[in-house]
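Everything below concerns the one structure shown next.
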Amino acid sequence: MKQAKADALLKEAAAKEAKQREAEQLFRMRLNPLSDPGYQPKPSEVTGQLGEALQKYRAAWSIYDKFSPEEYPKTIYGFMQSILTEELMCQLHEECRRYVDELMRLDLKLLIKAQQEMFKSVGWQYPKMRPRKKPKSTPLPKSLKLNDAVLDSMKTIFDLGIISKPTAKIKDIIGDFKYAAYEMNIKDPDATFPSPGFGDVRRRLIMSCVFGSGIEPGAVRNKAVMLLGPERNGKAFMVDTICGELNAIKIDITPEVFSAVVDIPAKVLAEVVLAAKIFQPSVIYMKNIERVFSKKVRDF
């Protein structure tokens, strides 16, 4: 057992070392314009779902690629007669299955009763049947309705004045792209210098925050975004522009105006989440969030 664990650790270390060597080799290749492999697109997470949907579509409609006049002489209100017939038969089958299931349950009860009488006539005891475990029912989400009781429960939030409706737009962020940062990112994707320009930040806000909030189900959504940068550099204004583009409300839960002035922060935070669901689209904003995760250092 110990030998197997040691072998697994050795394999993991070897794989990590090989991956590190590949990363170093790729970095050296990107430094040379003649050997730069260029941009390598990452595989999409929704490609598999799209391919599966395309296969199902082809499997369902490939038989109708060629319409022979003998099999499909006419259409009814724009639909082929065979497709209409198949759809109606499917509905009839679903309705008939209810009665068939009920009849099968009655037959099972009659069979069990006959077996009990047969065991009784022989003098044997019929074995006890184990009760079937009922599947756990998934709780239905409660419908969020705006009424007087809900408004009274959120009175604390409105009294704090942490809800606002910004009207700024992303186009109000004035700035151009920084091409020096683009060239440096080609050489080193993890480069931190030079910093991106306001044009790069504006594009990233559109891609990660605006488009990332309205994508169809199945695609990756950004539920949380952290804006990192020096002080007094427009991070709060960028949050206002995102709210303006999404036509969303902004709920500020910065500790200075939220947890420091309420008695039970956890209870008020639950009210904030409820308000965000009712008045959606909404953006929950926290300033200096790194302080929440900072560890206290013991004094020596």
Name the residues in segment 238-265 that are assigned to a helix (DSSP H, G or I) and modelled with pLDDT under 85, would you? 265
Find all pairs meeting these conditions: Cβ atoms under 8 angstrom apart; at least six residues apart or on different chains; first residue within segment 255-282 and under 15 Å from residue 164 (Cβ atoms); second residue of a type in the set (D, E, K, R). 258/252; 282/250
What is the number of the single condition among (1) of a type in the set (Lys, Arg); (2) over 30 Å from residue 243 (Cβ atoms); (3) surrounded by fewer than 11 Cβ atoms within 10 Å (Cβ to Cβ) that residue 142 does not meet? (2)
Looking at (1) loosely packed, with under 13 Cβ neighbours inside 10 Å; (2) touching a strand residue (DSSP E or B) at 6+ places or on another chain (Cβ under 8 Å), which is the one condition that is false for residue 157? (1)
Candidate set: segment 215-226, residues that are surrounded by 10 or more Cβ atoms within 10 Å (Cβ to Cβ) and modelled with pLDDT under 65; chosen: the one nearest to residue 246 (Cα to Cα): 215
Of the residues in segment 160-188, how many are part of a loop (DSSP other than H, G, I, E, B), touching a residue at least 60 places away in the same chain (Cβ under 8 Å) and surrounded by 14 or more Cβ atoms within 10 Å (Cβ to Cβ)? 4
With respect to the numbered conditions (1) under 40 Å from the mean Cα position of the chain (by Cα); (2) assigned to a loop (DSSP other than H, G, I, E, B); (3) among the hydrophobic types (A, V, I, L, M, F, W, C); (4) modelled with pLDDT of 80 or more, which one is the sole condition not fulfilled by residue 92? (2)
Selected residue [touching a Lys or Arg at 6+ places or on another chain (Cβ under 7 Å) and at pLDDT below 85] from 142, 128, 187: 187
Residue in segment 59-71 that is surrounded by 10 or more Cβ atoms within 10 Å (Cβ to Cβ), at pLDDT below 85 and in a loop (DSSP other than H, G, I, E, B) present: yes
Hey, could you check segment 220-259 for residues that are more than 24 Å from the chain's Cα centre (by Cα) and of a type in the set (Lys, Arg) and say which is farthest from residue 47 (Cα to Cα)? 232
Tabulated pairs, segment 16-45, first within 14 Å of residue 187 (Cβ to Cβ), second modelled with pLDDT of 70 or more and of a type in the set (Gly, Ala, Ser), C-beta under 6 angstrom, 6+ apart or interchain: 29/35
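The values are calculated or read from the model by the stated rules, or taken from the named source; none is laboratory data. Everything quoted here is computed from the prediction, not taken from an experiment. Backbone-built Cβ (ideal geometry, glycine too); neighbour counts: all protein chains shown.
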